[in-house]
Amino acid sequence: MIENKSYNQLAEHMKELKLIENSLGILYWDMRTYMPSKGIQQRAETVALYTKIHHERLVSKFTETKLKEISNMNDLTDIQRRNIELWQREYDMEAKLPVDLVQKLAVQENITEKLWEKAKAKLDFKMVQPDLEKLFDLVKQKANAYDSDKPMYDVLLDLFEKNTTQDMINEYFSTLKVGVLKIIGKCKGSSIKPDINSIKINTSISQQKQLSKFIMNFLGMEPERSRIDETEHPFTTGYADDVRITTHYLENDPMASFYAVLHEGGHALYDLNLPSEHLWTGIGDGASYGIHESQSRFVENMIGKSPEFITHAFSKIQEIIPEYKRINVSDFIRAVNVVTPSKIRVYADEVTYNLHIIMRYEMERDLFSDKITISELPQVWEEKIDTYFDLKLENEAEGVLQDVHWYGGGFGYFPAYALGNVYDGALLNAMELSIPDWKQQLKEGNGKNILEWLDVNVHKKGFLYDPVDLIENVTGNKPDAAAFIDYLNDKFRNIYDF
């Protein structure tokens, strides 16, 4: 690395901002896991203060001056130039936000999210609706502050997935929807009818914690750098040597948490394996939310739900939960991979999951184009769950209250889940060229080479590339939803014999 005083000063300054972000992540983790419920107002104000400090330091005269000093220097490496590009991008965006809006958003996000938990428990959207409307208005103010000339929803999409627009999402999701609906039709027409109820048995929390430990060991999660806790909605937070995942245990469905831990473990591996030489710099981050979701969904589905991994893991699962000894491995594989309509996104199968994301994308898109209002969300949700899945909701916890994202201000996040699937189709094709016998390796209990491939080709590249550029760099092609549909067809053709 070329020595450059101004660059080094800015790098140290930006590291301090990353440390503040990391602290905010831990405050969020504590709020969702162990914080006393009456502490929410105090915590919201604390988060708002830290957010204000972060904002003011990011848009300070010091940041502006140092960026100007180094922006036109010639004696910089490619790594330094990429960091400067990312820091400049971050500064330019944040400088557009008034500090009072930053604080109001931080407070309202925390209050609304905590109120969402209560509303979900009471099955009553109206408990949280007024606060969600306040938060939605603040998010619109944020989008307009960033760029009033672009559609608000495009601005928000870009925050989660750089250079991604509704036009791109529409193209991806059009291919996804057509392909997924065809596969669902083939599975429905098959004579094979997996029994999902066979794996839904009463299981103690202690048994499920043993399953979680088994997964953490398989993934090579170091206990000195990671931990697992319980919360209402599973999530992952942290960075470098302190990464934390959470899960939600259901007493009558142990496989729900089993796969939630695999999913969050995929996120955690990305955070733990970011390039150590670039930590606390721009390149030391993950490339995007969609790339992050590609890693979690690759581990959860392409590894964890593969017949080969299940064949390997089944004896251990039976050892921990003896009731599963009455099921043979073939029936267990089919039950885990059953394609069936579900009301709940996080427990949806690998195929129909994409429709859950598409319907949420459509609602977000319509909210920001004033086609629907916050108050209409429960009814629109019911209509879409009927249209896409032919299901009827029993309560609002199964509908508009099931996900935390909107109540934490995360409008624009949902598409990242399906983008992760799109990216995974391309990544899997590339990985198979390097590890053609990956399925046999999984069957033998060896996931090391697969995880190392993901580490080298995705994790260790950090934010060296924007998301689409990263996929093209790794695979030689731009992402295309068709590759993911091909993967689904190959997998479920064997499971459903169509």
- Message: Name the residue that is surrounded by the most Cβ atoms within 10 Å (Cβ to Cβ), counting only residues in the range 209-234 that are assigned to a strand (DSSP E or B) and acidic (Asp, Glu).
- Response: 230
- Which of the residues spanning the range 159-203 are touching a helix residue (DSSP H, G or I) at 6+ places or on another chain (Cβ under 7 Å), free of Cβ contacts under 8 Å to residues at least 60 places away in the same chain and closer than 26 Å to residue 257 by Cα? none
- Item | 3 or more residues in contact with a Leu (Cβ under 9 Å, 6 or more places away or on another chain): qualifying helices (runs of 4 or more DSSP H) within the range 96-200 | 99-122, 129-146, 166-189
- Query: Given the conditions (1) in contact (Cβ under 8 Å) with a residue 12 or more places away in the chain; (2) assigned to a helix (DSSP H, G or I), which single one is not true for residue 285?
  - Reply: (2)
- Residues of the range 216-268 being aromatic (Phe, Trp, Tyr), within 17 Å of residue 29 (Cβ to Cβ) and touching a helix residue (DSSP H, G or I) at 6+ places or on another chain (Cβ under 6 Å), which ones? 239
- Single residue of the range 458-498 satisfying the filter (β-branched (Val, Ile, Thr) and in contact with a Pro (Cβ under 8 Å, 6 or more places away or on another chain)) that is nearest to residue 307 (Cα to Cα): 495
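From the list 206, 257, exactly one residue is touching a residue at least 12 places away in the same chain (Cβ under 8 Å), assigned by TED's automatic domain parsing to the domain that holds residue 485 and either of a type in the set (Ser, Thr, Tyr) or buried (at least 17 other Cβ atoms within 10 Å of the Cβ) (or both). Which is it? Spell out the reasoning first.
Numbers: 206 fails: touching a residue at least 12 places away in the same chain (Cβ under 8 Å).
The conditions single out 257.
Is it the case that residue 448 is basic (Lys, Arg), assigned by TED's automatic domain parsing to the domain that holds residue 310 and more than 30 Å from residue 231 (Cα to Cα)? Steps first, please.
Working: basic (Lys, Arg): yes; assigned by TED's automatic domain parsing to the domain that holds residue 310: yes; more than 30 Å from residue 231 (Cα to Cα): no.
For residue 448, the condition - basic (Lys, Arg), assigned by TED's automatic domain parsing to the domain that holds residue 310 and more than 30 Å from residue 231 (Cα to Cα) - is not met.
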- From the list 484, 492, 463, which one is farther than 17 Å from residue 432 by Cβ, among the hydrophobic types (A, V, I, L, M, F, W, C), in a helix (DSSP H, G or I) and modelled with pLDDT of 95 or more? 492
- Query: Hey, among the residues in the range 442-492 that are touching a Lys or Arg at 6+ places or on another chain (Cβ under 8 Å) and free of Cβ contacts under 8 Å to residues at least 40 places away in the same chain, which one's farthest from residue 276 (Cα to Cα)?
  - Reply: 472
- Residue check, residue 195 against (1) out of contact with any Asp or Glu (no Cβ under 8 Å at 6 or more places or on another chain); (2) within 30 Å of residue 486 (Cβ to Cβ); (3) assigned by TED's automatic domain parsing to the domain that holds residue 484, all met but one. Which one? (1)
- Message: Of everything in the range 2-19, what is closer than 16 Å to residue 238 by Cβ and surrounded by 16 or more Cβ atoms within 10 Å (Cβ to Cβ)? Give them in sequence order.
- Response: 18
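The values are calculated or read from the model by the stated rules, or taken from the named source; none is laboratory data. If you're wondering where the values come from, they're calculated on a predicted model, not measured in any experiment. Positions of Cβ are generated from backbone atoms using ideal geometry, with glycine treated the same way; all protein chains shown enter the neighbour counts.
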